[in-house]
Amino acid sequence: MNILNHPQIEQLKQRYQQLEKRDRLALNGLSAFLGLMLLYFMVWSPANSYVEDSRQNYQRQAELLNYLRASEGKARQSTGNSSAAVSGQSLLSRLSSSAGRFNIKPNRLQPEGTDGVSVWFSEVGFNDLIRWLENLGNEGFTVKQISIDREEASGLVNARIILRS
């Protein structure tokens with residue numbers, strides 16, 4: 001069935017033909033205006049917003065790239081200085097002070113060879129422990145073995161972790 005031959009469409013065509021010429025002209029103008037408004041709000045405006053957002057995002061990324069390039073030398077310099085300072089600290093004291101920054105206190109630290117440490121925790125916050133482990137990964141430590149047991153209190157755990165530097 002052709003939609004143009006639908007009875008309701010035929011009724012609308014007849015009513016349109018019965019309108020005076022001036023009314024038909026006004027209806028055509030209003031229809032064109034509504035069509036243009038729909039085109040603007042459904043197509044042009046979203047596309048224009050997307051383009052503008054993309055431009056701003058590109059500009060932010062370009063500024064970040066310029067900043068990173070400008071500060072690359074300083075970052076490389078500071079990395080060399082900090083590694084010399086950290087290597088002077090013992091592995092155990094580095095881990096202990098790092099844990100303190102995350103509000104967790106190891107119950108026991110035990111050296112495991114020349115580059116490893118076993119760390120025991122009792123009743124520490126699971127989220128704090130995970131954040132601490134993530135930070136250790138950024139500092140060059142790797143988890144060789146981990147055992148985490150849930151406590152009765154919500155969010156608290158006991159853990160034994162073997163780390164390598």
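The values are calculated or read from the model by the stated rules, or taken from the named source; none is laboratory data. Please read all numbers here as calculations on a predicted model, not as lab measurements. Neighbour counts are summed over all protein chains in view; Cβ atoms, including those assigned to glycine, are modelled from backbone coordinates with ideal geometry. With ligands, DNA and RNA removed, areas are computed over all heavy atoms of the protein, side chains included. Shrake-Rupley method; radii C 1.70, N 1.55, O 1.52, S 1.80 Å.
Points worth noting:
- In degrees, nearest ten, helix 7-18 long axis to first principal axis of the chain (Cα): 60 degrees
- Total charge dipole magnitude, the chain, about the Cα centre, Cβ charges on Lys, Arg, Asp, Glu only, Debye to nearest 20: 420 debye
- Axis of helix 45-87 versus longest Cα principal axis of the chain: the two differ by about 10°, to the nearest ten degrees.
- Accessible surface of the chain [probe 1.4 Å, protein heavy atoms]: carbon and sulfur percent: 54 percent
- All Cα-Cα distances of the chain, cut into 5 Å bins from zero to the largest, leave 1, 7, 9, 10, 8, 6, 6, 6, 6, 5, 4, 4, 3, 4, 5, 6, 5, 3, 1, 0 percent in each bin in turn.
- Solvent-accessible area per residue for the chain (1.4 angstrom probe, square angstrom): 78 Å²
- For the chain, built as a Gaussian network whose Cα springs stay under 10 Å, the top-fluctuating residue of 16, 58, 67: 16
- Residue-span extension gain [residue 16 to residue 39] - 0.36 nm each, minus C-alpha spacing: 5.9 nm
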